[in-house]
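Please read the structure below before turning to the comments.
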Amino acid sequence: MIDLYYWTTPNGHKVSIFLEEAGLDYRIVPVHIGKGEQFAPEFLKIAPNNRIPAIVDHAPADGGEPIALFESGAILEYLADKSGQFLSRETRARFGVLQWLYWQMGGVGPMAGQNHHFVRYAPEPIPYAIDRYVKETARLYAVLDRQLAGRDYVAGEYSIADMAIYPWAKLWKTQQQKLEDFPNMAAWLERIDARPAVQRAYALVEQVNADPQALLSAEARRLLFGQ
């Protein structure tokens, strides 16, 4: 059994998608980031950076004590190796996937995250910041669109790279993007939208987060951003 410490954010969705796709037994442990539950001492023992997602694997492959992990990219890589799914062990194919996983972790996540912040959460609009991150998001999606030309998935076969990128790219409208600018990405989004495991993962939102707008409250912004 795997405990998934989760909230309904793009990074949270990455791991729930993998667990549903792989058919691994897991239990959701909600961490309401709008209420500051990510700062609870018991959570910080698992995730010292006070961010979701995190996991505790109670049945690691080595048969030892439970393994706790934070950082979504590390979690995806760990679960792929544990299950033998969605990440090849062959060198060329493996690193073909991992380079796109790290591209998401180092590029799409931080840049689209700043896009979300300045477009939706900042207490007052800052035109330079909005313009900067909207344009950088567009640049990154253009990179993705070129990569998807002639491919169904980012690294050829469906993989943890797709699972990592999809929850961010799915929010293109919130990020002030035009989907018609990225036709290959648009077709890829439709392919992933249609996967039953992805639909099951997103159905968790209704179970866990009854008020998706709660993160827009002044108290939530204070907890999330120190405002």
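The values are calculated or read from the model by the stated rules, or taken from the named source; none is laboratory data. Not measured: the values here are computed from a predicted model. Note that we place each Cβ from the backbone using ideal geometry, even for glycine, and neighbour counts take in every protein chain shown.
Ala61 meets the conditions (1) more than 21 Å from Thr9 (Cα to Cα); (2) outside the structural domain of Leu24 (by TED's automatic domain parsing); (3) not basic (Lys, Arg) in every case but one. The failed one is (2). Filtering Val205, Val198 for residues that are surrounded by 12 or more Cβ atoms within 10 Å (Cβ to Cβ), among the hydrophobic types (A, V, I, L, M, F, W, C) and either at pLDDT below 95 or in a loop (DSSP other than H, G, I, E, B) (or both) leaves a single hit, Val205.
Of the residues Ala149, Ala186, Ala138, which is in a loop (DSSP other than H, G, I, E, B) and not assigned by TED's automatic domain parsing to the domain that holds Ala74?
Details: Ala186 fails: in a loop (DSSP other than H, G, I, E, B); Ala138 fails: in a loop (DSSP other than H, G, I, E, B).
Matching residue, one of Ala149, Ala186, Ala138: Ala149.
When we screen Ser88, Ser72 for residues that are under 13 Å from the mean Cα position of the chain (by Cα) and modelled with pLDDT of 95 or more, the only hit is Ser72. Number of residues in the stretch 37-70 that are part of a loop (DSSP other than H, G, I, E, B), out of contact with any helix residue (DSSP H, G or I) (no Cβ under 8 Å at 6 or more places or on another chain) and under 27 Å from Ile165 (Cβ atoms) equals 3.
Could you please let me know if Thr174 is hydroxyl-bearing (Ser, Thr, Tyr) and part of a loop (DSSP other than H, G, I, E, B)? Walk me through how you get there before you give the answer.
Numbers: hydroxyl-bearing (Ser, Thr, Tyr): yes; part of a loop (DSSP other than H, G, I, E, B): yes.
Taking the combined requirement at face value, the residue satisfies it.
The selection criterion, being touching a residue at least 12 places away in the same chain (Cβ under 8 Å), surrounded by fewer than 21 Cβ atoms within 10 Å (Cβ to Cβ) and more than 21 Å from Ala112 (Cβ to Cβ), holds for Ala59. Within the stretch 162-190, the set of residues being surrounded by 15 or more Cβ atoms within 10 Å (Cβ to Cβ) and over 16 Å from the mean Cα position of the chain (by Cα) comprises Gln176, Gln177, Phe182, Asn184, Met185, Ala186, Trp188. Tell me the residue from Gly12, Gly96, Gly34 that is farther than 25 Å from Ala220 by Cβ, of a type outside the set (D, E, K, R), in contact (Cβ under 8 Å) with a residue 24 or more places away in the chain and not in a loop (DSSP other than H, G, I, E, B), please. Exactly one residue qualifies, and that residue is Gly96.
Considering only residues that are of a type in the set (D, E, K, R) and closer than 27 Å to Trp100 by Cβ, which ones fall in the stretch 30-75? Break it down stepwise before answering.
Filtering the stretch 30-75 for residues of a type in the set (D, E, K, R) gives 35, 37, 42, 45, 51, 57, 62, 65, 71.
Selection gives Arg51, Asp57, Glu71.
Could you say which residue among Ala164, Ala203, Ala138 is in contact with a helix residue (DSSP H, G or I) (Cβ under 9 Å, 6 or more places away or on another chain), within 22 Å of Val15 (Cβ to Cβ) and of a type in the set (A, V, I, L, M, F, W, C)? Explain how you work it out, then say what you get.
Working: Ala203 fails: in contact with a helix residue (DSSP H, G or I) (Cβ under 9 Å, 6 or more places away or on another chain); Ala138 fails: within 22 Å of Val15 (Cβ to Cβ).
Testing whether each residue is in contact with a helix residue (DSSP H, G or I) (Cβ under 9 Å, 6 or more places away or on another chain), within 22 Å of Val15 (Cβ to Cβ) and of a type in the set (A, V, I, L, M, F, W, C) leaves just Ala164.
Only a single item in (1) of a type in the set (Asp, Glu); (2) surrounded by fewer than 17 Cβ atoms within 10 Å (Cβ to Cβ); (3) touching a residue at least 60 places away in the same chain (Cβ under 8 Å) is not met by Glu77, and it is number (2).
If the condition is being in a helix (DSSP H, G or I) and at pLDDT 95 or above, then the stretch 120-135 contributes Pro127, Tyr128, Ala129, Ile130, Asp131, Arg132, Tyr133, Val134, Lys135. Just one of the listed residues (Gly150, Gly156) is under 27 Å from Leu19 (Cα atoms) and of a type outside the set (Lys, Arg), namely Gly156.
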